1. So, in region 175-186, how many residues would count as being surrounded by 11 or more Cβ atoms within 10 Å (Cβ to Cβ) and without any contact (Cβ under 8 Å) to a residue 60 or more places away in the chain?
2. Within region 121-147, can you find the residues that are among the small types (G, A, S) and farther than 15 Å from S77 by Cβ?
3. Just the residues that are surrounded by fewer than 18 Cβ atoms within 10 Å (Cβ to Cβ) and without any contact (Cβ under 8 Å) to a residue 40 or more places away in the chain, please, taken from region 120-134.
4. Does region 15-72 hold any residues that are closer than 18 Å to F83 by Cβ and of a type in the set (S, T, N, Q), and which are they?
5. Of all residues in region 172-190, which are assigned to a strand (DSSP E or B) and closer than 24 Å to S103 by Cβ?
6. What about T50, is it closer than 19 Å to A141 by Cα and at pLDDT 85 or above?
7. Just for region 149-172: of the residues that are touching a Phe, Trp or Tyr at 6+ places or on another chain (Cβ under 7 Å) and farther than 18 Å from K189 by Cβ, which one is surrounded by the most Cβ atoms within 10 Å (Cβ to Cβ)?
8. Which of the residues belonging to region 1-50 are assigned to a helix (DSSP H, G or I) and polar (S, T, N, Q)?
Amino acid sequence: MANYGTASVKRIYGDWKNATDSAMIIDAMDLLYTENFDGFCIVSSDSDFTKLASRIREAGLLVYGFGEQKTPSAFVSACCDKFIYTEVLRAKTDESKAIAKKSSQQLKRDARLVSLLRNAVEASSDDSGWAILSHVGTNIAKQSPEFDSRNYGYAKLGELVTATKLFEVEERLMGAGNSKAHYVRDERKK
């Protein structure tokens, strides 16, 4: 959570039965009504928390979800602003569990990935077809909160986009401060 903000209230519930689920939901709603928070983090692979996440988002707060890849898609996509699979986090701390990089051919055969990337580039692009990579990432997060380039074996989105060999990638200087930004364009737009 430190990558996303400061956790000012931390609770863990131990027996993982329905009574505990109810206690967690009640505590979360009590915290929500204090109006002292910008967001919530829910660590669970249980679809029982779908409505809780929806309610928190209805209040205009961010919801970050963490859970195993078996987490039901309803909880992942409909309710969370960002969802991170715990397998990715485990791979980061344990080299023996690292997720192998998928080859360009494997990435190109993943129709969902290709569609997600192309749609995000298209939605973020200017008239010439170029899009700032960070804007592409923001667009992807809105379409697919569970998306993480690490699920494909790549530490960063730019590395994944480059590996697909479906996009042109350029690094450009931005403004007077000489900061750099990566731009991407669908190869089909050449």
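The values are calculated or read from the model by the stated rules, or taken from the named source; none is laboratory data. Predicted model only: the values in this text are computed from it and were never measured. So basically every Cβ, Gly included, is an ideal-geometry build from the backbone, and we count neighbours across all protein chains shown.
1. Of the residues in that region, 3 qualify.
2. Passing the criteria: A123, S124, S125, S128, G129, A131, S134, G137.
3. A123, D126, D127
4. Answer for region 15-72, where residues must be closer than 18 Å to F83 by Cβ and of a type in the set (S, T, N, Q): S44, S45, S47, T50, S54, Q69, T71.
5. H182, V184, R185, D186
6. yes
7. If we take residues in region 149-172 being touching a Phe, Trp or Tyr at 6+ places or on another chain (Cβ under 7 Å) and farther than 18 Å from K189 by Cβ, then L160 is surrounded by the most Cβ atoms within 10 Å (Cβ to Cβ).
8. Selection gives N18, T20, S22, T34, S47, T50.
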